[in-house]
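Let me begin by presenting the structure, written as structure tokens, before commenting on it.
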């Protein structure tokens with residue numbers, strides 16, 4: 001069990017943890033997750049090129065698709081042990097039937113961006129994706145660093161069907177579309193493989209389980225997992241009878 005300090009660090013510190021809790025507690029606009037079929041979405045943030053070459057390929061081998069939240073300002077950047085996806089990679093994801101979502105352009109915490117700056121930043125990311133060849137504007141959003149901010153909600157609600165944070169929970173019952181909860185696939189590898197328990201949970205009591213991760217590589221960063229583990233999770237969801245769908249297709253299915 002992680003310590004309180006570890007949990008706070010994972011959620012961006014005490015200020016961000018409190019902001020997220022306040023949003024989850026007091027959100028006024030909620031929609032019902034009504035489904036007899038367990039729903040699972042596999043999503044990717046930042047989108048290293050391994051998420052395309054390994055992650056998307058694994059999903060496709062199981063006949064399903066995912067959602068990839070792109071931050072155009074990261075395009076082509078080289079980080080320790082990973083390269084961020086190129087414009088060509090964004091277009092390829094869309095052509096292969098995956099959903100391309102928005103992760104801001106600058107990849108800054110939303111609380112550090114004024115509303116006017118946020119609007120311009122989101123416009124810039126939309127322009128980047130259109131220039132990359134993604135055929136339609138992104139309809140869903142994921143917060144960089146899972147760091148939501150109450151004052152940004154009007155602008156995000158105007159543009160997107162949903163926003164995704166973290167939260168380590170399954171979306172059931174009355175759910176805030178602007179703060180979907182999700183479960184992270186990350187290191188250590190043994191813990192990532194044990195996430196099959198979340199799939200068993202949603203299969204037993206249907207709701208909407210959203211996973212998120214970053215790189216899928218033989219030597220993953222702390223925020224990713226190996227191809228073998230990712231394949232295990234996708235295969236388990238399919239075997240348990242879950243409908244594995246991109247975020248936007250789940251929304252259509254739920255009638256949101």
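The values are calculated or read from the model by the stated rules, or taken from the named source; none is laboratory data. As the structure is a computational prediction, the values presented were derived from the model and not from experiment. A quick note on method: Cβ atoms are made from the backbone with ideal geometry, for glycine too, and the neighbour counts reach across all protein chains shown.
Between a residue in segment 169-180 that is on the phi > 0 side of the Ramachandran plot and touching a residue at least 24 places away in the same chain (Cβ under 8 Å) and any residue that is surrounded by fewer than 23 Cβ atoms within 10 Å (Cβ to Cβ) and in a loop (DSSP other than H, G, I, E, B), which pairs come within a Cβ distance under 8 Å, given they are 6 or more apart or on different chains?
Within 8 Å, the pairs are 173/207.
Kindly provide the set of residues from segment 57-73 that are touching a helix residue (DSSP H, G or I) at 6+ places or on another chain (Cβ under 6 Å) and farther than 14 Å from residue 211 by Cα, ordered by number.
Passing the criteria: 58, 62, 70, 72.
Does segment 191-206 hold any residues that are part of a helix (DSSP H, G or I) and more than 15 Å from residue 239 (Cα to Cα), and which are they?
Answer for segment 191-206, where residues must be part of a helix (DSSP H, G or I) and more than 15 Å from residue 239 (Cα to Cα): 191, 192, 193.
Can you name every residue in segment 100-122 that is within 19 Å of residue 164 (Cα to Cα) and part of a helix (DSSP H, G or I)?
110, 111, 112, 115, 118, 119, 121, 122
Answer yes or no: is there a residue in segment 111-118 that is closer than 28 Å to residue 234 by Cβ and touching a helix residue (DSSP H, G or I) at 6+ places or on another chain (Cβ under 8 Å).
So far as segment 111-118 goes, no, none of its residues is closer than 28 Å to residue 234 by Cβ and touching a helix residue (DSSP H, G or I) at 6+ places or on another chain (Cβ under 8 Å).
Looking only at segment 150-161, decide whether some residue is within 30 Å of residue 205 (Cα to Cα), in contact (Cβ under 8 Å) with a residue 40 or more places away in the chain and under 13 Å from the mean Cα position of the chain (by Cα).
No, because not a single residue in segment 150-161 is within 30 Å of residue 205 (Cα to Cα), in contact (Cβ under 8 Å) with a residue 40 or more places away in the chain and under 13 Å from the mean Cα position of the chain (by Cα).
Can you tell which of 186, 158, 164 is modelled with pLDDT of 95 or more, part of a loop (DSSP other than H, G, I, E, B) and either in contact with a strand residue (DSSP E or B) (Cβ under 6 Å, 6 or more places away or on another chain) or within 21 Å of residue 70 (Cα to Cα) (or both)?
That would be 186, the only listed residue that is modelled with pLDDT of 95 or more, part of a loop (DSSP other than H, G, I, E, B) and either in contact with a strand residue (DSSP E or B) (Cβ under 6 Å, 6 or more places away or on another chain) or within 21 Å of residue 70 (Cα to Cα) (or both).
Taking into account only those residues within segment 167-183 that are part of a strand (DSSP E or B) and within 13 Å of the chain's Cα centre (by Cα), which is farthest from residue 117 (Cα to Cα)?
Only one residue tops the list, namely 183.
Out of all the residues in segment 142-155, which are in a loop (DSSP other than H, G, I, E, B) and surrounded by fewer than 20 Cβ atoms within 10 Å (Cβ to Cβ)?
Result: 149, single match.
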